[in-house]
Structure formats: C-alpha cells, structure tokens
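Note sheet for the following structure.
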Amino acid sequence: MKNQSLWTKLFLVLMLVFAVGLTACQGEGETNEQTDEPTEESETEEQTNESTEESSDESVTLTDKAGEEVTIEGEVDRIVSVIPSATEIVYAVGAGDQVVGVSEWADYPEEVFEVEETVGDQNLSIEKIVELEPDVVIADLNNADDLEAMRSAGLNVVTLGSQSLEEVYEDIELVGQATGQTEQAEQIVNEMEMKVEEVTQAVSEVPEEERKSVWMEVGPELYSGGEGSFLHELITLAGGENIIADQEGWPQVSEEVVIERNPDVIITTYGYYTDDVTETVLERSGWDSIAAVENEEVYDIHNDTVSRPGPRLVDGLEEIASILYPEYVE
C-alpha cells in the first residue's frame, strides 16, 4: 500500500460528493412586394444577418440545485468547470470544446488534459476564474462558500448537486440547458436509463437464494458507502445486499464488523493507486473466515465510476452486476 496522502485527498473528494430549455427565436422573412426585389443571394445574406442578430439575443433562464435562478445571455463560448464530476458532464453533453478552465483533479475524459488553465482543487482561485472570463461556471453544492464568492464577482454560476442517479439525470439536463446542448443531454440521460433498465432486468432473474452480500471498500482504512450513497444505490440496483445498509453516508467500520457480517463478495475501489490491493485483502489476518476471501471473490473497480455523480455511474453499475452475477449479466 502506498501514497497515503493521495488516498486522504481522494477520500476528501468522496466525502464532499456525499455532503451533499434553450428558447430559440426564429424570424420569419417578409415578402418584398416592390418591383426591385432583392436577388436570392442578397435575401440569403439578409436572413443570415438576421439569424446572427437573433442568436446574439438568445438567453436561457434556469433554476440550479442551489435554488438560484440563472440567466445566461447569448452563446456560451467559454466554460469553467470547478469540480471533476461536473467536467465529465460538460464533456459528455458535447460542450468540451468551450472549456477554458478546470479543477486540478479533473482527469476524465482524456481531452481534459488539453485544457491549459486550472482553477484550484478544493480551494478555488476566484481571481483565476474571473481572469478566464467564462460565460458560465459549472459548480457543485460542495463548493460551498466559493459559490457566493463567484456570484459576487459577477459570474454566471450554475450549481449542480446530486445524491442519486435520478438527481444525476437532472444535473446532466441542467448542464445541457446552460451550454445549449439540450438534445445531447437528453440523449445521454436516455442512454443511462436504458443501461440501468438492462442491468436491473437482468439481475431480476437471479433467485433469492443466490443473492450475494457485498462489502465495498473505498479505502484501506475500511471506509464504505451506506444508505444515501451512490455505492449503496449501485449495489442494490445490481442485485446485491450491502452489508452496511444499516449505516448512512460514508462510514468507517471496523474489521470485526466486516468479518461478522461475512460478505459473499468484496469489491475495492482503490487499486488504481495501490499495488496488489486484491492480494492484500486476501492475505489480511483474520479475514480467512470470510466467504469472499475463502472463495477468492475479491475484485477491484475504479473509484470514479461509482462515486462521481456523472454519466459513468452506469458503467460502475454494470461492472458491479457483472462481478456479482456474471451468468446473468453479459
């Protein structure tokens, strides 16, 4: 196990995650009844100019997750996204080319590494964000005091904030409205809903006696997700039984609790920065009596697919279901 400080930072992000229509104006051309009618070419040019003028007057008004009414005038050409999950949504809806600033922890999709400017991590640089002159800032309820600071600086801030898949769908639609990508946002939500339906339908065929209990470990210090967390929702949708369903949020539990509750499957989420995490779990002293260890049902998946409130949550769901019931989920 290595890089303890990295785990600490990543868990802080995870805890932060829990702590918590575009109107188009179309002008209709009028028929010129004068003898010297404009040529077809001049008519086209006139219509183009009118369309450009109208486009510049377009605006969208929405109410974000902070309850703020936000009006965005004109086209959105410059976006700053201050939290990784929001950045994933911005790129997913097709507005990535307009991103001019991101959080230091933004790492998906790969295109995000082409953005030259970063605006901080948990502590945002309001001055830097203002310098980037964004048309809109995509933030999250977890940005807390920084939200008011950004608004006070005259920035258009659209605040997201979700604790469930349904709320993630809402956030995606909000970003679609704010960036002028409503159709793409709607498509993404539809695709996510379809994948959830496919998974839940598949695992519904699993007999009750074959249902598996699950310990999902988001850090070597034995933190996990209880009721109200994405982890719990994903485990449940995947047909599993969360062994700490009786706890809320992101609790830290003792080894004794895990051993006593004897999960059928153990899933870790930190193998991308810790060497041999599966072997480490299998070799833990006293854990050999756990069914998951005895049967070597220990797996690792990437943390971001089960904790970041964005489009990849359904990928995490599918992976959990395929681990639990590979004969039912392709």
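The values are calculated or read from the model by the stated rules, or taken from the named source; none is laboratory data. Because the structure is predicted, anything quoted here is derived from the model rather than measured. Using ideal geometry, Cβ is built from the backbone for each residue, glycine included, and neighbour counts are taken over all protein chains shown. We work out accessible area using only protein heavy atoms, side chains counted, and drop any ligands, DNA or RNA first. Shrake-Rupley method; radii C 1.70, N 1.55, O 1.52, S 1.80 Å.
So the values come out like this:
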read-out	value
Matching residues, the stretch 267-297, being open to solvent by 10 Å² or more (accessible area, probe 1.4 Å), at pLDDT 95 or above and outside any helix (DSSP H, G or I)	GLU283, ARG284, SER285, GLY286, ASN295, GLU296, GLU297
Single residue of GLN181, GLN122, GLN163, GLN177 found to be in contact with a Gly (Cβ under 8 Å, 6 or more places away or on another chain) and modelled with pLDDT under 95	GLN163
Residue list for the stretch 161-212, filter: part of a loop (DSSP other than H, G, I, E, B), of a type outside the set (S, T, N, Q) and surrounded by fewer than 17 Cβ atoms within 10 Å (Cβ to Cβ)	GLU205, PRO207, ARG211
Where a residue in the stretch 72-85 is on the phi > 0 side of the Ramachandran plot and its partner, wherever it lies, is in a helix (DSSP H, G or I), with Cβ under 6 Å and at least six apart	GLY74/SER56
Residue among VAL76, VAL80 that is hydrophobic (A, V, I, L, M, F, W, C), in a strand (DSSP E or B), within 17 Å of ILE172 (Cα to Cα) and at pLDDT 95 or above	VAL80
Subset of the stretch 92-149 (residues that are in a loop (DSSP other than H, G, I, E, B), buried (at least 22 other Cβ atoms within 10 Å of the Cβ) and more than 18 Å from the chain's Cα centre (by Cα))	VAL119, PRO134
Among residues of the stretch 241-254, those that are within 25 Å of GLU210 (Cα to Cα) and open to solvent by 10 Å² or more (accessible area, probe 1.4 Å), counted	6
Residue list for the stretch 150-160, restricted to those being part of a helix (DSSP H, G or I) and loosely packed, with under 15 Cβ neighbours inside 10 Å	SER152
Flag if PRO263 is assigned to a loop (DSSP other than H, G, I, E, B) and open to solvent by less than 10 Å² (accessible area, probe 1.4 Å)	yes
Among the candidates VAL76, VAL115, VAL100, residue that is among the aliphatic types (A, V, I, L, M) and farther than 17 Å from VAL157 by Cα	VAL115
Qualifying residue in the stretch 217-239 (condition: closer than 24 Å to TYR325 by Cβ, open to solvent by less than 20 Å² (accessible area, probe 1.4 Å) and in a strand (DSSP E or B))	yes
Filter result (out of contact with any strand residue (DSSP E or B) (no Cβ under 8 Å at 6 or more places or on another chain) and modelled with pLDDT of 95 or more) within the stretch 221-235	GLU233, LEU234
Neighbours by Cβ (under 7 Å, 6+ apart or cross-chain): first from the stretch 252-277, farther than 18 Å from LEU234 by Cβ; second in a helix (DSSP H, G or I) and open to solvent by 10 Å² or more (accessible area, probe 1.4 Å)	ILE259/SER289; ASN262/ALA291; TYR273/LEU6
